[in-house]
1. Of everything in the stretch 83-105, what is near the ligand (Cβ under 8 Å from one of its atoms) and either of a type outside the set (A, V, I, L, M, F, W, C) or at positive phi (or both)? Give them in sequence order.
2. Is it true that THR95 is surrounded by 21 or more Cβ atoms within 10 Å (Cβ to Cβ), under 23 Å from THR196 (Cβ atoms) and not basic (Lys, Arg)?
3. Criterion first (surrounded by fewer than 19 Cβ atoms within 10 Å (Cβ to Cβ), among the β-branched types (Val, Ile, Thr) and assigned to a helix (DSSP H, G or I)) does ILE23 satisfy it?
4. Among the listed residues LEU64, LEU76, identify the single one that is touching a Lys or Arg at 6+ places or on another chain (Cβ under 8 Å) and not hydroxyl-bearing (Ser, Thr, Tyr).
5. Inspect all residues belonging to the stretch 138-157 and state whether any of them is open to solvent by 80 Å² or more (accessible area, probe 1.4 Å) and closer than 21 Å to ALA109 by Cα.
6. Would you mention how many residues in the stretch 28-83 are of a type in the set (D, E, K, R), open to solvent by 50 Å² or more (accessible area, probe 1.4 Å) and assigned to a helix (DSSP H, G or I)?
7. Could you check how many residues of the stretch 1-44 are within 13 Å of the ligand (Cβ to nearest atom), in contact with a Ser or Thr (Cβ under 9 Å, 6 or more places away or on another chain) and among the aliphatic types (A, V, I, L, M)?
8. When you go through VAL202, VAL161, VAL176 one by one, which is the residue that is open to solvent by less than 20 Å² (accessible area, probe 1.4 Å) and in contact (Cβ under 8 Å) with a residue 60 or more places away in the chain?
Amino acid sequence: MKYLEEIRKAIECGKPKDTERLIRQALEDGENPAVILEDAMVPAMRTAGEAYRREESDIPKILLAARSMQKGLNILEPILEQDPDRHPGTVILGTVEGDLHDVGKNLVAIMLRSAGFEVIDLGVDVSGRMFQRAIKEHPEAEIVCISSLLTTSMPGMRQIVKQLKRTRGFHMKIMVGGGSITQEFADEIGADAYTTNAVDAVDVAKRFVQHSDS
Ligand code: B12
C-alpha cells in the first residue's frame, strides 16, 4: 500500500501534519488501521530511535518524531477501539516516577484498548502512591502495567512493585516493560510478566484475565 511508506517517512522525518494527513487518506482508501500502526508507525519510531542512539539525530528531531507518532495514534485510537462487545478486563497503566517517556506506554494502552480492555492511563512520572490511589479507585482492575525507559527510573519501578505487593488485599498481576527493562530485572523485582512489545503485552494480559475468571 503506497501510503505505508509515506507514513513511515513522515514519522521518521518528524512531520506531524503530514503524518495526520497521510493516515487520514490511507483510512479513506480502506487501509486497515492495525496495519498502519504495525507496518508503518511502529517501525518508523524504531528507526527514529535507532538514529538517535547512533547520534545521527538530536532531541528536537526525536521529539518531532514522537509528536508525529502521537498525532497518528490519536487518529487511530478511536477506530481501533470499536468493539463494544468485548471487555476482557481493566488495566491501570503508567510510566514510573522521574521518567517522561510515553510513546511506548501509549502504544501499549492503544493495543490493550483495541483488544477491548478498559485502560486507566495515569500518564508519566507516576509514583507508587499514585498507583495505589488508582488501584483503590478501581477495584475492578486486574492488572497494573508499569513502563520505564530510563535506567535511572528502574529503582523507582522496583520500589513501586514492592509497595504494591505490600498493600493489604493486593491481588493484581503486575506487568512491566520499556526500553530499560529486561526479563531478568522483571523476575528480580517480582513482576508477574515482562514483554518487549505491545502486541505480546496484550496476549499476556488476556491470559491473566482468563486465569482470574477460572
Ligand atoms: C523519544 C525519546 C525521548 C523523548 C520522549 C518523548 C516522549 N513523549 O516519550 C525525549 C526527547 C523527551 C526524551 C528525553 C530523554 N531521554 Co529519551 N529517548 C527517546 C528514544 C529515542 C525513543 C523512545 C521511544 O519512544 N521508543 C519507541 C517506543 C514504541 O518503544 P518503547 O518505549 O520501548 O515501548 C515498547 C516496548 O518497550 C514495550 N513497552 C513499553 N512500555 C511498556 C510497559 C509494559 C507494562 C509492557 C508490558 C511493555 C511496554 O511496548 C512498546 C511498544 O512496542 C529512546 C531511544 C530508544 N531507542 O528507545 C531514548 C532514550 C530512552 N532516552 C534516553 C535519555 C537518556 C533521555 C534523557 C535523560 C535525555 C536528556 N539528557 O535529557 C531524557 C529524559 C527525560 C525524562 N525525565 O524522562 C536514553 C535512556 C538511556 C538509559 N539507559 O537510561 C535512551 C535509551 C536514548 C539513549 N540511548 O541514550 N527521550
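The values are calculated or read from the model by the stated rules, or taken from the named source; none is laboratory data. In this text the structure is predicted, and so the values were computed from the model without any measurement. In this analysis, Cβ positions are derived from the backbone assuming ideal geometry, glycine residues included, and neighbour counts consider all displayed protein chains. Heavy atoms of the whole protein, side chains included, go into the accessibility calculation; ligands, DNA and RNA do not. Shrake-Rupley method; radii C 1.70, N 1.55, O 1.52, S 1.80 Å.
1. Initial filter on the stretch 83-105 (near the ligand (Cβ under 8 Å from one of its atoms)): 93, 95, 98-105.
The answer is THR95, GLY98, ASP99, HIS101, ASP102, GLY104, LYS105.
2. Numbers: surrounded by 21 or more Cβ atoms within 10 Å (Cβ to Cβ): yes; under 23 Å from THR196 (Cβ atoms): yes; not basic (Lys, Arg): yes.
Here the answer is yes, as THR95 does meet what is asked.
3. Numbers: surrounded by fewer than 19 Cβ atoms within 10 Å (Cβ to Cβ): no; among the β-branched types (Val, Ile, Thr): yes; assigned to a helix (DSSP H, G or I): yes.
Spelling it out, it is not the case that ILE23 is surrounded by fewer than 19 Cβ atoms within 10 Å (Cβ to Cβ), among the β-branched types (Val, Ile, Thr) and assigned to a helix (DSSP H, G or I).
4. Values: LEU76 fails: touching a Lys or Arg at 6+ places or on another chain (Cβ under 8 Å).
After ruling out the rest, the residue left standing is LEU64.
5. The answer is yes, given that some residue of the stretch 138-157 is open to solvent by 80 Å² or more (accessible area, probe 1.4 Å) and closer than 21 Å to ALA109 by Cα.
6. Total satisfying the criteria: 9.
7. Total satisfying the criteria: 4.
8. On the way: VAL161 fails: in contact (Cβ under 8 Å) with a residue 60 or more places away in the chain; VAL176 fails: in contact (Cβ under 8 Å) with a residue 60 or more places away in the chain.
Matching residue, one of VAL202, VAL161, VAL176: VAL202.
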